[in-house]
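The values are calculated or read from the model by the stated rules, or taken from the named source; none is laboratory data. Everything numeric here is computed off the predicted structure, so don't read it as measured data. Every residue, glycine as well, gets a Cβ built from its backbone with ideal geometry; the counts of neighbours run over all protein chains shown. Side chains are part of the model used for accessible areas, which takes the heavy atoms of the whole protein and leaves out ligands, DNA and RNA. Shrake-Rupley method; radii C 1.70, N 1.55, O 1.52, S 1.80 Å.
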Amino acid sequence: MPSACVETSLDGFLGGRLVLEQPLQGYRAGTDPVLLAASVPARAGQSCLDLGCGVGAVALCLMARTGAACTGVELQPGYAALARANASRNDLPLEVIEGDATDLPPDLRQRSFDHVFFNPPYFAAEASTAPADAGRDLALRDRGDLTDWLAAAVRRTRPRGTVTLIARTDRLPEVMAAVPRVLGSLRLQPLVARAGRPAKRFVLQGIKEGRAPFTLRAPLVLHDGSRHLRDGEDGSDIARHLLREGGALSLSDPAC
């Protein structure tokens, strides 16, 4: 858990538009929070809720792009403190509340939001080995059930609002089985490192009370070429647009 004695780094996101402080040891935000933020169809004047906000990466990327109002919920006090510091550092009015994303504080249970999003722990606790760092362990290994995450998200979403998540593809069956019936118009966006490779991650978005058919989008390819280049930039055009330019990934548009 981050504290005053834990070493941190300052890292640039969105081509340097955002600078986030995060622990050198523990959970560190990478590309997933940026891709998740790019997928949320928020706009200025709307309200958003980030379940398990960590250092604030998803919410702050979304606020920088859209001007929407965001609230983040974070269980670990050290990460919540970093999220508040990062909001101040980037002059963005992120509200950070300490609490359990799947058992929200009573006052938050009285509120509803236009968009709710989350990056759940990557691994089921029973199917993975605990990292040495306790904060990283809490961030990466799910002690609850994805049913709880999705249920909490849907409860806080207004009718016709969206719920969006990013996760590892090996958890897709678990995610789909946990989707509440009230969450419809589902759109699944596979994410692949390079063309022709299996998707390792995906973004799933649904609309509360939506009735449109399920949509499986074409994979979004993040890198050009068949292998990593030791020197030079090999990010795809769409990846550069999303990760560096702060562009939006509309899951309702024709597939990329």
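Structure above, values below:
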item	result
Members of segment 5-20 found to be open to solvent by 40 Å² or more (accessible area, probe 1.4 Å) and within 13 Å of Gly56 (Cβ to Cβ), listed by number	Val19
Residues of segment 64-93 satisfying the condition of being within 25 Å of Ser9 (Cα to Cα), touching a helix residue (DSSP H, G or I) at 6+ places or on another chain (Cβ under 9 Å) and in contact (Cβ under 8 Å) with a residue 40 or more places away in the chain	Ala64, Arg65, Thr71, Leu75, Gln76, Gly78, Tyr79, Asn86, Asn90
Enumeration of residues in segment 159-169 that are under 17 Å from the mean Cα position of the chain (by Cα) and farther than 20 Å from Leu62 by Cβ	Arg168, Thr169
Those residues of segment 106-128 which are modelled with pLDDT of 50 or more and polar (S, T, N, Q), in sequence order	Gln110, Ser112, Asn119
Filter pass, Arg84 being buried (at least 16 other Cβ atoms within 10 Å of the Cβ) and under 28 Å from Asp107 (Cβ atoms)	yes
The one condition in (1) surrounded by fewer than 17 Cβ atoms within 10 Å (Cβ to Cβ); (2) modelled with pLDDT under 95 that Gly67 fails to fulfil	(2)
Residue satisfying condition, being open to solvent by less than 50 Å² (accessible area, probe 1.4 Å), farther than 28 Å from Gly15 by Cα and either at pLDDT 95 or above or not in a loop (DSSP other than H, G, I, E, B) (or both), within set Gly247, Gly206	Gly206
Subset of segment 25-47 [open to solvent by 30 Å² or more (accessible area, probe 1.4 Å) and of a type in the set (D, E, K, R)]	Arg28, Arg43
Boolean, Gly56 is under 13 Å from Gln22 (Cβ atoms), open to solvent by less than 10 Å² (accessible area, probe 1.4 Å) and at pLDDT 95 or above	yes
Number of positions in segment 151-175 that are outside any strand (DSSP E or B) and touching a residue at least 12 places away in the same chain (Cβ under 8 Å)	11
Index of the failed condition, Arg141 passing every other in (1) modelled with pLDDT of 95 or more; (2) open to solvent by 10 Å² or more (accessible area, probe 1.4 Å); (3) not acidic (Asp, Glu)	(1)
Of all residues in segment 170-191 being over 17 Å from the mean Cα position of the chain (by Cα) and open to solvent by less than 20 Å² (accessible area, probe 1.4 Å), the one that is nearest to Asp237 (Cα to Cα)	Ser185
